[in-house]
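The structure appears below as structure tokens.
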Amino acid sequence: MPVTGTCLCGAVRFRVKRMSGIVECHCSMCRKAAGGHAGFFFVAMRDEVTWDGAEHLTVHRSSPGLERSFCSRCGTAMTGANLVTPDDTIILAANALDEPVPARVIASEHTASKASWFDGHDAAPACEGPWPGWRDLKP
């Protein structure tokens, strides 16, 4: 069963034939790229990925030899840190995946770089819908 991923605005979509398990990365670059406490990524074979709307991808060289791509319209991360000179694999952003997917998180990396605000959140209230406290939330 093919797996798909889409950016927030729908301008970019990928389709993969197979995917690896998902890796959660806590490094500061992945946190910033994903806009959250961690980035979530998986590997696919480059020749098994098809793109719709690839003309809307913007590429950023995040470190020497590595680049990431984002939707130029909405900013959704669509790839992880891939080699500038590509090999036969591609790292894709699990945050962009559409449901359902056959994979689960198999590892967490760079946990020493975990965001300080993320630790201890397990005691925070959990809501199945919007959190009602937004209306009263002020610094």
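Numbers for the structure displayed
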{"quantity": "Filter pass, GLU67 being among the charged types (D, E, K, R) and surrounded by 13 or more Cβ atoms within 10 Å (Cβ to Cβ)", "calculated": "yes"}
{"quantity": "Condition broken by MET1, with the remaining ones in (1) more than 18 Å from THR76 (Cα to Cα); (2) part of a strand (DSSP E or B) satisfied", "calculated": "(2)"}
{"quantity": "Residue check for VAL23: in a strand (DSSP E or B), under 12 Å from the mean Cα position of the chain (by Cα) and either farther than 25 Å from GLU109 by Cβ or not hydroxyl-bearing (Ser, Thr, Tyr) (or both)", "calculated": "yes"}
{"quantity": "Leading residue by the ranking (surrounded by the fewest Cβ atoms within 10 Å (Cβ to Cβ)) among those in segment 89-120 that are among the polar types (S, T, N, Q) and within 22 Å of VAL49 (Cβ to Cβ)", "calculated": "THR89"}
{"quantity": "Where a residue in segment 64-78 is more than 15 Å from PHE14 (Cβ to Cβ) and its partner, wherever it lies, is loosely packed, with under 13 Cβ neighbours inside 10 Å and among the charged types (D, E, K, R), with Cβ under 8 Å and at least six apart", "calculated": "GLU67/ARG61"}
{"quantity": "Out of ARG61, ARG73, sole residue that is among the charged types (D, E, K, R), more than 21 Å from HIS37 (Cβ to Cβ) and touching a helix residue (DSSP H, G or I) at 6+ places or on another chain (Cβ under 8 Å)", "calculated": "ARG73"}
{"quantity": "Criterion: in contact with a Gly (Cβ under 6 Å, 6 or more places away or on another chain), modelled with pLDDT of 95 or more and over 28 Å from HIS121 (Cα atoms) - qualifying residue of PHE70, PHE14, PHE41", "calculated": "PHE14"}
{"quantity": "Breaking point among (1) within 24 Å of PHE118 (Cβ to Cβ); (2) touching a His at 6+ places or on another chain (Cβ under 9 Å); (3) crowded, with 20+ Cβ neighbours inside 10 Å; (4) of a type in the set (Gly, Ala, Ser), for GLY80", "calculated": "(2)"}
{"quantity": "Test: residue in segment 34-48 that is assigned to a helix (DSSP H, G or I), buried (at least 16 other Cβ atoms within 10 Å of the Cβ) and touching a residue at least 12 places away in the same chain (Cβ under 8 Å)", "calculated": "yes"}
{"quantity": "Set ALA34, ALA81: member being among the aliphatic types (A, V, I, L, M), in contact with a Leu (Cβ under 7 Å, 6 or more places away or on another chain) and modelled with pLDDT under 95", "calculated": "ALA81"}
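The values are calculated or read from the model by the stated rules, or taken from the named source; none is laboratory data. None of these values were measured; they are calculated from a predicted model. Reconstructed Cβ throughout: ideal geometry from the backbone, glycine too, with neighbour counts over all protein chains shown.
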